[in-house]
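Some notes on the structure that comes next.
The values are calculated or read from the model by the stated rules, or taken from the named source; none is laboratory data. None of the values given here were measured: they were computed from a predicted structure. Virtual Cβ from ideal backbone geometry, glycine too; neighbours counted across all protein chains shown.
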């Protein structure tokens, strides 16, 4: 365990900030790339503990992945059914995206027994929400009291189904769609609230037929996938911390280049703009793998409270912790509803966010499915943040430190490497510029 990290209050943040490659797209570039015929070149891959787990998992399944440095990979795909079970369980560590998407992928292999396991945290994550639909498709899959470890016996002929999502989850949707690549007919997922569509976009770019209309996502079985190149955009969930920091700290003005703007990724921007944020979006474009990206300019702004509704949660679920910080220093009272999914993340994020923000001077109460936050438009007092092993709570503490009077000490700062290994260097570089 590394030493605690102290982050002091700072003056304006100015200049260009570079964030890591999108974690969700980085996972999918490896997993879908492994299913392609032939090599797939990946640019901008975001290395983190979670995505490194995915890289090692596809290697364990018999896929060669070359690392060229600076976010460049070559994934030598083995085709839809070319994965081979390793000796022993595949270790997903703490990567929930990997656990769920890989379940759908191994279920449609032609033979073999695949075991998926991970650390103590992942063993508490619900897996029946994935296992149930896969069983309905004909997969042979067993969970452990509804959680990992899981065992999948491949070789079953999968059926195309129509599945109505009970919980809004891009991970569950993706697992079903990936299994549907080798079903006996179309597979349909019905979403009441649209979730991130990275899987659909990448599969289309690889040659699959995927239709999305009126909350229905339909995929047809394919014979093969082929994808020459994946450009991974900047991760909005990581950019969110810099965006909120620049919004809160007076006289700040920052730029972020090539940030992912796909469906389900712009909820943070929409909520901040509703609160009075000053965020300009320009140079919109689309990558070879179908991902919308854009450049952002963020300037300091005085914020007002808002209400975050249940239907908005899927589009900003990972950004809710840093939005809670913004609400703590906005004018008025903010209510967040429909965020019960935060209780089954790396920590109970409803509780851990509340503890972290109260510990540095915020006024926040936990409700059954969200928070009630009384904003006080001034710098936070500062204090101590215990992340409880959760990378987003540690990063939340750092941004709170930048906008505090006394500074914030973050225990377990090494947890940040789960999603954004370069975050600490980014923050320390920004504050060093001000000190010089």
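Can you tell me how many residues in the range 95-124 are under 21 Å from residue 343 (Cα atoms), surrounded by fewer than 21 Cβ atoms within 10 Å (Cβ to Cβ) and touching a residue at least 40 places away in the same chain (Cβ under 8 Å)?
Of the residues in that region, 2 qualify.
How many residues are touching a strand residue (DSSP E or B) at 6+ places or on another chain (Cβ under 7 Å) and either outside any loop (DSSP other than H, G, I, E, B) or buried (at least 20 other Cβ atoms within 10 Å of the Cβ) (or both) if we restrict to the range 399-414?
9
Residues checked against (1) free of Cβ contacts under 8 Å to residues at least 24 places away in the same chain; (2) over 22 Å from the mean Cα position of the chain (by Cα); (3) crowded, with 24+ Cβ neighbours inside 10 Å; (4) more than 11 Å from residue 323 (Cα to Cα):
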| residue | (1), (2), (3), (4) |
| --- | --- |
| 240 | no, no, yes, no |
| 245 | no, no, yes, no |
| 258 | no, no, no, yes |
| 265 | no, no, yes, yes |
| 282 | yes, yes, no, yes |
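Which condition does residue 354 not pass, out of (1) within 29 Å of residue 99 (Cα to Cα); (2) crowded, with 22+ Cβ neighbours inside 10 Å; (3) without any contact (Cβ under 8 Å) to a residue 60 or more places away in the chain, if it passes all the others?
Here residue 354 clears every test but (2).
Going by what's in this entry, would residue 162 be described as out of contact with any helix residue (DSSP H, G or I) (no Cβ under 7 Å at 6 or more places or on another chain) and at pLDDT below 95? Steps first, please.
Values: out of contact with any helix residue (DSSP H, G or I) (no Cβ under 7 Å at 6 or more places or on another chain): yes; at pLDDT below 95: no.
Spelling it out, it is not the case that residue 162 is out of contact with any helix residue (DSSP H, G or I) (no Cβ under 7 Å at 6 or more places or on another chain) and at pLDDT below 95.
Looking at 64, 51, 74, can you tell me which residue is surrounded by fewer than 19 Cβ atoms within 10 Å (Cβ to Cβ), at pLDDT 95 or above and within 23 Å of residue 292 (Cα to Cα)?
Answer to the selection: 74.
For the range 1-93, which strands (runs of 3 or more DSSP E) that fit wholly inside it have 3 or more residues that are touching a helix residue (DSSP H, G or I) at 6+ places or on another chain (Cβ under 8 Å) and farther than 13 Å from residue 230 by Cα? Before the answer, list the steps.
Values: elements: 5-7, 14-17, 37-43, 64-69, 72-78.
Per the criteria, 5-7, 14-17.
Would you pick out the residues in the range 213-230 that are closer than 30 Å to residue 19 by Cα and surrounded by fewer than 22 Cβ atoms within 10 Å (Cβ to Cβ)?
226, 228, 229, listed by residue number.
Can you tell which of 262, 207, 214 is within 24 Å of residue 105 (Cα to Cα) and at pLDDT below 95?
Working: 207 fails: at pLDDT below 95; 214 fails: within 24 Å of residue 105 (Cα to Cα).
Only one candidate qualifies: 262.
Is at least one residue of the range 157-164 within 23 Å of residue 36 (Cβ to Cβ) and surrounded by fewer than 22 Cβ atoms within 10 Å (Cβ to Cβ)?
The initial filter retains those residues of the range 157-164 that are within 23 Å of residue 36 (Cβ to Cβ), namely 157-158, 160.
Imposing the further condition that a residue be surrounded by fewer than 22 Cβ atoms within 10 Å (Cβ to Cβ) reduces the set to 157, 160.
Checking the range 157-164: at least one residue is within 23 Å of residue 36 (Cβ to Cβ) and surrounded by fewer than 22 Cβ atoms within 10 Å (Cβ to Cβ).
Return a yes/no flag: does the range 66-87 have any residue that is under 30 Å from residue 383 (Cα atoms) and not assigned by TED's automatic domain parsing to the domain that holds residue 422.
No, the range 66-87 contains no residue that is under 30 Å from residue 383 (Cα atoms) and not assigned by TED's automatic domain parsing to the domain that holds residue 422.
Which residues, counting only those in the range 385-412, are in contact with a helix residue (DSSP H, G or I) (Cβ under 6 Å, 6 or more places away or on another chain) and farther than 19 Å from residue 342 by Cβ?
Once the filter is applied, which keeps residues that are in contact with a helix residue (DSSP H, G or I) (Cβ under 6 Å, 6 or more places away or on another chain) and farther than 19 Å from residue 342 by Cβ, the range 385-412 yields 398, 402, 403, 407, 408, 410.
Does the range 14-26 contain at least one residue that is at pLDDT 95 or above and more than 27 Å from residue 296 (Cβ to Cβ)?
Checked the range 14-26: no residue is at pLDDT 95 or above and more than 27 Å from residue 296 (Cβ to Cβ).
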